[in-house]
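> Pasting a structure here, questions to come.
Bear in mind that the values in this text are calculations on the coordinates, not laboratory data. All of these numbers come straight from a predicted model, not from anything done at the bench. Positions of Cβ are generated from backbone atoms using ideal geometry, with glycine treated the same way; all protein chains shown enter the neighbour counts.
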Amino acid sequence: MENNQINTDILIIGGGSAGVAAAVASARMGVRAMLIEKGPFLGGKATRAIVSTICGAYFRSEGAALRHAHVGFPKEFCGRLSVASGTEPFTYVEGLRFLPYDHQAFKLLCDAYMLNEKVQLFLHASLSSVGMENGIIDSVDAIALDRRVKIFPKTVIDCTGEALVATLCDLEVLKDETYQASAMVFSLTGIESADFENLSLSVRRSMKRGVEAGRLHPELEKLSIIPGSLKNGSAFFKLSVSRAISDELNKATELELFAREAVSAVHTFLKAENGPLKNAEMSVVASELGIRTGRRSLGKYILSESDVLNCVKFDQAIANGVWPIEYWGHDGNVNMDYFNADDCYEIPADCLMSADLGNLYFAGRNISASDRAIASARVIGTCLATGYAAGKMAAGSVLKRDANEIIQEIKSELLNV
Ligand SMILES: Cc1cc2nc3c(=O)[nH]c(=O)nc-3n(C[C@H](O)[C@H](O)[C@H](O)COP(=O)(O)OP(=O)(O)OC[C@H]3O[C@@H](n4cnc5c(N)ncnc54)[C@H](O)[C@@H]3O)c2cc1C
């Protein structure tokens, strides 16, 4: 097998929301940024699991005014996505706000950022091993489609969503016995209702009746319509997969097979119900099951549930968290724990810096946070901010800039809300 060798200043592993933001921040600091992504397109859960709404981008508020959680890159990204998707921020229950988006527009926007910022992008490129010496990562191996590539980065940002770098280095990671329930997203066209509330009620009733009558498996009952997605007779649906998720080998395969079959069964059932979905056809099925949480990296500080619910502020803050703790249990039900409206907690820089390795940073849903804290901080708006901050911190270390000065710059760029 050919052995290609590449030098770079910053290697970002994983091109989800956090990885894209990290790459943009690094490139804007003038260092060489390289991003490897194992899939064929960018966006991670936002595009492969088609979660369809950006949460964590606006403060929860009972008032009418829309207040961004961050200025700078997260606001810029949401603004461009809103224009490209033809959508506006949506006000939901309890003063929650989010931005519905088109998943194809999300992919194209990420591509445009990579091209404009001149990030060296490798799609179909999967991290396979990490070399370390004297507390520093000195090389990373990846398989890029059919080639082995050896990368020599000065710093590494783990945006895999699964703390993969720490796992491959046999470092301690934050993990749980089981993780939050997953969900499969799909869309239907030919819906004969234009009213979100009526349609939601009709679907909920059908599903309940189906389970009670034994025509639908009880595990398939929790189906919801993604708010803001119903237009022109089509909508996106989210089917909760009421099964435990663990680190057990091949658990993900079992769940993917189950979820695919489940989506087909639910579609067939709803058509037979003779309601507003009797002529509905399946148009899109997410290419992967949406697994919400997994292992997190161990940083110099672990964000806690109490930090989130008490809106704790930190001197070294680099991001704001505005979304409540949204915890999906294995019964397929969600539990929301709110903190004060119009307030936020802050995420300190230490949650993005490895406790063990001098040149490892992380961002997105694998930051150093407890399982309850990440149930809030995993939303896309927050991932865009932690990604951007990690990119800037990593670039600052390559440029041998003072770390406190960089944190102050991040604060004034992102947190001046
Ligand atoms: C069902 C579901 C519903 C959700 N609903 C919402 C919602 O409505 N609003 C909201 O804001 N958030 C929602 N979320 C949460 C949000 O989508 C994710 O937490 C967020 O997108 C995570 O971004 P990330 O960049 O940290 O990780 P990810 O998006 O998971 O990106 C990680 C990337 O790393 C890549 N990767 C992994 N391993 C490797 C490797 N070995 N080599 C190279 N690349 C690798 C992956 O392919 C992926 O592209 C939902 C999540 C799920 C699952």
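> Tell me, H70, H217, H267, H103 in order of fewest to most beta-carbon neighbours within 10 Å?
H217, H267, H103, H70
> Taking other Cβ within 10 Å of each residue's Cβ, how do M207, M393, M132 sort, fewest first?
By the 10 Å Cβ count, ascending: M132, M207, M393.
> A further question on this structure: Translational D (Stokes-Einstein, µm²/s) of the chain at 25 °C and 0.890 mPa s when Rh comes from the Kirkwood sum over C-alpha pairs?
113
> Expressed as a whole number of Å, what is the distance separating the alpha-carbon centroids of region 43-113 and region 322-376?
For region 322-376 versus region 43-113, the Cα centre distance is 18 Å.
> Loop only per DSSP, at most 12 neighbouring Cβ atoms within 10 Å: give me the trypsin sites (Lys or Arg not before Pro) in region 75-142, ordered by residue number.
K118
> Arranged by the count of other C-beta atoms within 10 angstrom, fewest first, what order do F362, F339 take?
Going from least to most buried by this count: F339, F362.
> Go ahead and estimate [θ] at 222 nm for the chain from helices alone: -39,500 (n - 2.57) per DSSP H run with n ≥ 4, summed, over the residue count, rounded to 500.
Helix-only estimate at 222 nm: -9500 deg cm²/dmol.
> So what is the relative contact order for region 182-285, in percent, with contacts set as C-alpha pairs under 8 Å and at least six apart?
About 44 percent, as a whole number.
> If I take the Cα coordinates of region 182-285 and project them onto the principal axes, what are the three extents in Å, biggest first?
Projected onto its principal axes, the Cα set of region 182-285 covers 43, 29, 20 Å.
> How large is log10 of I(q)/I(0) for region 126-205 at q = 0.16, 0.17, 0.26 Å⁻¹ when the intensity is taken from the Debye formula with one equal scatterer per alpha-carbon?
For the requested q values the scattering log ratios are -0.74, -0.79, -1.29.
> Name the GluC sites (Glu not before Pro) in region 198-276 that are in a loop by DSSP and that have at most 11 other C-beta atoms within 10 Å, would you?
The qualifying sites are E248.
> Kindly flag which residue pairs out of K38/K154; K75/K400; K107/K300; K175/K411; K251/K271; K45/K154 have an alpha-carbon separation exceeding 25 Å in this structure.
The answer is K75/K400; K107/K300; K175/K411; K251/K271; K45/K154.
> At D146 and D402, where each label point lies 7 Å from the Cα along Cα→Cβ, what is the point-to-point distance in nanometres?
That separation, rounded to one decimal, is 5.4 nm.
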